[in-house]
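Trainee: One structure follows; several queries about it will come next.
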Amino acid sequence: MWDAIVVGGGLAGWTAGIRAAQRGKKVLIVTEGVGTLYYFSGIFDYGDVAGLRHFPKHPYSLFDAETIDRGKQFIKELCPEYIENNKSRHALTVLGTVRQGDLMPRSMVLPDRQEQGIFVLLVPEGLKDFFPEIVVSNMAREFPGWQVKVKRVHAEILGEWERIGKSASGIDYAAIWRSKEGQNLLAQEIETIKREQQGAGSKSERIAVVLPSLVSEYFDASRTKIYGKDYSLPVIEMSSFIPSPHGRYFAEYLKHQFTDLGGELMIGARAAALTGEPVSDKQPKSCQEIIVHSMGKVLHLKAKKFILATGGLLGGGIKVGIERKSIHEDVFDLPLFVPQEWSASRFFAPQPFAQIGVETDNCLRPLDTNQGQVIWDNVHVVGRMLAHWDPWTQRCGGGVSVTSGCAAAEII
Amino acid sequence: MDVRNELTARLDACQKCNVCTAQCPVAKVNPHFPGPKGLGPDMERFRRGQFIPGETTLDDCSNCKTCEVTCPSGVKITEMILDARRAARKGPHKTMPGVKLRLRGYVLGRAEYLGKLGVLWPGMANQALKLNLVRWALEKGLGISQKGPLPAYGKPLEVIEDKAGRAGVTSGKQVVYFPGCYTRYNEGETGRIMIKVLEHIGYKTIVPNFHCCGLPLEANGQFDKARKNGLYNLELMRPYLEAGVPVIASCTSCGLTLKEDYPKLSASAAQMIGAQTYDLFEFLWLLYEKGELPLDFQQVNASFGYHLPCHLKAQGIGTPALRILRLIPGVKIRNLDAGCCGVSGSYGFKAEKYDKAMKIGSPLFEAVNVGVEQGDFQEMLTECGVCKVQIQHGTSIPTEHPLRILAKAYNIIHE
């Protein structure tokens, strides 16, 4: 018997699992694959928290300001390299445009746009889906007072990749920059840049190196910080794109934190249903176990609490049939809030389908969409599965996942 | 079939996110390998159009199944690749590997026959395998790496027939043990300890004269022989399965084969085998939950690092060994979870793959070495025999089957 079983290994699931394990609870995380953290930019967006809390039914409206702050503290304690945005802080997207962020690694933070200086964009040879020309032109536009130069960097370990014309992903490169050889190579390259710039007479000017695919945060599997190098110039990390090196190292780090606290991960298993019975004639019912498909057999896993963190439409927690009438939540078969119209005409406008999800009470317990009654007493819904919010136009994906994950963990 | 299974069976569930390739241990070290997405769902479209690629690229897949447990959309990638290898063998443009590689496939696929030979005179076989000249000849003649940590042979595990005559009619509780070739021929002692542990918890063990489960045969391209072995073993198990007797595996790859591949064979027992096969610790946990596991543990004051074998991860049952061992007073375990050890069955023993296998295993070796240096643990535990051999080869840190710790706690062994 577990204190809690968390279904889903994305940001909300890991947050709930780790926080509960920190509180001394016995927790199992059941997940089919690695979850959507592998699509993570490396930056947590919280959005306009104060404003969104007044949106009717928005997940933030379920929490007080203190709870939301506790979530932020949780991340900052877990990742000491992350700093909170108290003034306006910005980072580079992989296209060289500038994006805001509310909680981001210190080494991603861009200098003030009003200042002047030189950016040297280090371009790893053959980095997949990276377009330096576009990055340079975007950076030049965003930072009119800065000069943008390009220097290519060649990692010998990928020589064979280069020879056959094969690209290497950001995750491959991140592994190189985290190795001793990679760090020595970077140190050399950066020293060369420094000498060249000083030789060119720009001694007094501020120089910053920009490197995509660099992830200097998080411990790795050896539980030691692998990245410890100081370079002779400041190095700015770019945020990640798919498959995301930040997401990969962050997800691995969360996994190690969780299992080192005594939590258990069951990956490659698919939660399919739950069984439970009414405690009395009336709602809410109490869930006793979930049905999980492992290889070759069905497992019945018992727990006191169940956390549903399977993501929404994109994460695979909500399934839509060919005919739209057959939309359903995939594990617990909870009722969904579904708007009348699913889409609006402008692609980047707020899209109604983003609001699809499970409605809950203040304790994140699922509600019947008609009567508004709690259905399951010991089931809590977190993250993208919650209804009435839009991570894209409200820019609060990380915030809602961390806040709800933390809040659910406090109830376990 | 529910909607979800239907989706995953179709390659359309693949969203092309490339996460599987980013996690693939082989793609990390071999630029010529297209990676699971390329070789699985991408090329599957060509294969549907009857374009059957040669087997050699497909052969670079080590069958560790990391891609399958990684995929956020549940696509059965390894299954697609294995099917493609099967098709390549029969395909219209079939490209067979050269004689040397075919011969190697024959030898490495037959862990069982090698085992039977090895244990005839284990001392001699082990000595011979230690000779540089023999290893040189194996590399030159068969493409089996000189440096690879080939496991040593020992006193084999004995077959234990069911004396009662008819399965399931004996009084008392029974299990069928599927030891696998490694336990049977290389590490019989582990099998004997396991039988004692099962006896301690009130179960009588039957060890029929099984053949190899078939996985090494499949991994070495001998699909027909693998299928025949499966059918043979299923027939041996059939009476027990019908009587509801559980089948226990201590080797994680055999366990996975029984759970994943055997249910697809056309035999009546195939319907039962998946649900009735248990990893040893999975079985023990079931007993614990029912309150039937004896908890007469002695204190074992030791700290361990634990490596989760890929083929146990792929079973989707979590880490039951950690659950059980943490019930023992004094035991501390850290689940390193540092990826594949690299050897993946017989993959890392192949001459052209040895260096890649060592590179694949390097994050794990580092995690082991750092943990030991920092005094976090002194020994490693892992269920899989070849993972164990590879960890010892890559780190020189003593590595054991977790069963031994349980046996110590039950006072069955004392060293």
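What follows draws every value from the coordinates through simple rules; no lab data is involved. Keep in mind that what you see is a predicted model, and the values were worked out from it rather than measured. No Cβ is skipped: glycine too gets one built from the backbone with ideal geometry, and neighbour counts run over all protein chains shown.
Trainee: Enter the Cα centre distance for the pair region A:324-390 and region A:18-78, rounded to the nearest angstrom.
Mentor: Each part reduced to its Cα centre gives a spacing of 18 Å.
Trainee: Still on this structure: Rounded to a whole number, what is D in µm²/s for region B:96-225 from Stokes-Einstein with the Kirkwood radius over alpha-carbon pairs (20 °C, 1.002 mPa s)?
Mentor: For these conditions, the coefficient is 130 µm²/s.
Trainee: Could you tell me how many degrees, from 0 to 90 and to the nearest 10, lie between the Cα long axis of helix B:280-289 and the main elongation axis, the longest principal axis, of the Cα atoms of chain B?
Mentor: Around 50 degrees separate the two axes.
Trainee: Using every pair of alpha-carbon atoms in region A:230-374, split the distances into 10 Å bins beginning at 0 and state the percent of pairs per bin, rounded to integers.
Mentor: All Cα pairs considered, the percentages come to 9, 26, 32, 22, 8, 3, 0, 0.
Trainee: State the volume of the convex hull built on the alpha-carbon positions of chain B, expressed per residue in Å³ and rounded to an integer.
Mentor: Here the figure is 147 Å³ per residue.
Trainee: Translational diffusion coefficient, Stokes-Einstein: compute it for region B:222-294 using the Kirkwood radius over C-alpha pairs as Rh, at 10 °C and 1.306 mPa s, and state it as an integer in µm² s⁻¹.
Mentor: 124
Trainee: Then there's this: Which of the GluC sites (Glu not before Pro) across region A:306-360 are loop residues per DSSP, with 11 or fewer other Cβ within 10 Å?
Mentor: Numbers: sites: A:GLU323, A:GLU329, A:GLU341, A:GLU359; in loops: A:GLU323, A:GLU341, A:GLU359.
Sparse-neighbourhood loop GluC sites (Glu not before Pro): A:GLU323, A:GLU341.
Trainee: I would also like to ask the following. Specify the inter-centroid distance of region B:178-218 and region B:62-87, based on alpha-carbon positions, in whole Å.
Mentor: 28
Trainee: Report, in cubic angstrom per residue, the convex hull volume of the C-alpha atoms of chain A.
Mentor: Working: hull volume 69.5 nm³, N = 412.
Enclosed volume per residue, from the Cα hull, is 169 Å³.
Trainee: Give me the one-decimal Kirkwood hydrodynamic radius in Å for the protein assembly as shown, with the sum taken over alpha-carbon pairs. The partial results should precede the final answer.
Mentor: Working: mean 1/r = 0.0352 Å⁻¹.
For the protein assembly as shown, inverting the mean 1/r across all distinct Cα pairs yields 28.4 Å.
Trainee: Percent of Cα-Cα pairs more than 19 Å apart in region B:148-305, please. Mind showing how you got there, number by number?
Mentor: Details: 7020 of 12403 pairs.
The proportion of pairs with Cα distances above 19 Å equals 57 percent.
Trainee: Let me ask something else. Can you compute the charge dipole magnitude of region A:122-262 about its Cα centre, using +1 on each Lys and Arg Cβ and -1 on each Asp and Glu Cβ, nothing else charged? Give it in debye, rounded to the nearest 20. It would help to have the intermediate numbers written out before the result.
Mentor: On the way: 18 positive and 19 negative charges, 42 e Å.
About 200 debye.
Trainee: Among B:LEU280, B:LEU336, B:LEU131, which one shows the highest mean-square fluctuation when chain B is modelled as a Gaussian network with alpha-carbon springs under 10 Å?
Mentor: B:LEU131
Trainee: Got a sec to turn the phi values of region A:120-136 into Karplus ³J(HN,Hα) couplings, 6.51 cos²θ - 1.76 cosθ + 1.60 with θ = phi - 60°, whole Hz, x for Gly and Pro?
Mentor: Coupling constants for region A:120-136: 10, 7, 7, 10, x, 4, x, 5, 5, 6, 10, 10, x, 4, 5, 4, 4 Hz.
Trainee: Still on this model: Between B:VAL300, B:VAL26, B:VAL99, which gets the highest mean-square fluctuation from a Gaussian network model of chain B, Cα cutoff 10 Å?
Mentor: Judging by the Gaussian network model, the answer is B:VAL99.
Trainee: Then there is this: Can you give me the Kirkwood hydrodynamic radius for region B:96-142, using every pair of distinct Cα atoms, in Å to one decimal? Please report the intermediate quantities before stating the final value.
Mentor: On the way: mean 1/r = 0.0865 Å⁻¹.
Across region B:96-142, the inverse of the average 1/r is 11.6 Å.
Trainee: Let me ask something additional. In sequence order, what are the phi-derived ³J(HN,Hα) couplings for region A:362-369 according to the Karplus relation 6.51 cos²θ - 1.76 cosθ + 1.60 with θ = phi - 60°, rounded to whole Hz, with x for glycine and proline?
Mentor: Rounded to whole hertz, the list is 5, 8, 6, 8, x, 10, 6, 5.
Trainee: What does the convex hull of the Cα atoms of region A:346-412 come to per residue, in Å³, rounded to a whole number?
Mentor: Convex hull volume per residue, Cα atoms: 74 Å³.
Trainee: Express the Stokes-Einstein translational diffusion coefficient of region A:46-118 in µm² s⁻¹, to the nearest whole number, given a Kirkwood radius over alpha-carbon pairs, 4 °C and a viscosity of 1.567 mPa s.
Mentor: Here the translational diffusion coefficient equals 92 µm²/s.
Trainee: Kindly flag which residue pairs out of A:LYS26/A:LYS72; A:LYS26/A:LYS304; B:LYS147/B:LYS356; B:LYS16/B:LYS76; B:LYS90/B:LYS225 have an alpha-carbon separation exceeding 19 Å in this structure.
Mentor: Over 19 Å Cα-Cα: A:LYS26/A:LYS72.
Trainee: Rounded to whole Å and sorted largest first, list the principal axis extents of the Cα atoms in region B:66-135.
Mentor: Projected onto the principal axes, the Cα atoms of region B:66-135 cover 49, 33, 22 Å.
Trainee: Would you please put B:266-279, A:105-118, B:345-358 in order of how densely packed they are, using the mean number of other Cβ atoms within 10 angstrom per residue and starting with the highest?
Mentor: Details: B:266-279: 18.8, A:105-118: 15.5, B:345-358: 22.1.
The packing order, highest mean first, is B:345-358, B:266-279, A:105-118.
Trainee: Based on C-alpha coordinates, I'd like the Rg and Dmax of region A:94-238, in Å.
Mentor: So, for region A:94-238, Rg and Dmax equal 15.3, 44 Å respectively.
Trainee: Calculate the radius of gyration of the Cα atoms of region B:267-415 to one decimal place, then report Dmax, the largest Cα-Cα distance, as a whole number, both in Å.
Mentor: Spelled out, the Cα radius of gyration and Dmax of region B:267-415 are 16.6, 53 Å.
Trainee: So, with +1 on the Cβ of K and R and -1 on the Cβ of D and E, and no other charges, what is the size of the charge dipole of chain A about its Cα centre, to the nearest 20 debye?
Mentor: Working: 46 positive and 47 negative charges, 54 e Å.
So the magnitude is around 260 debye.
Trainee: Expressed as an acute angle from 0 to 90° and rounded to the nearest 10, what is the orientation of the C-alpha long axis of helix B:385-395 relative to the principal long axis of chain B?
Mentor: Helix B:385-395 and the main axis of chain B meet at about 80 degrees.
Trainee: Kirkwood hydrodynamic radius of region B:205-262 from all distinct Cα pairs, in Å?
Mentor: Here the Kirkwood hydrodynamic radius works out to 11.8 Å.
Trainee: Still on this model: Could you give the radius of gyration (one decimal) and Dmax (whole number) of the Cα atoms in region A:180-303, in Å?
Mentor: When restricted to the Cα atoms of region A:180-303, Rg and Dmax are 24.9, 83 Å.
Trainee: For chain A, with a Gaussian network of springs between Cα atoms less than 10 Å apart, report the residue from A:THR36, A:THR67, A:THR192 with the top mean-square fluctuation.
Mentor: A:THR192
Trainee: Cross-link candidates for B:LYS163: which lysines have Cα within less than 28 Å, leaving aside residues fewer than 8 places away along the same chain?
Mentor: Result set, ordered by chain and number: B:LYS116, B:LYS155, B:LYS173, B:LYS196, B:LYS204, B:LYS228, B:LYS259.
Trainee: Evaluate region A:222-264: find the radius of gyration of its Cα atoms, find its Kirkwood radius, and give the ratio Rg to Rh.
Mentor: Over the Cα atoms of region A:222-264, Rg/Rh equals 1.09.
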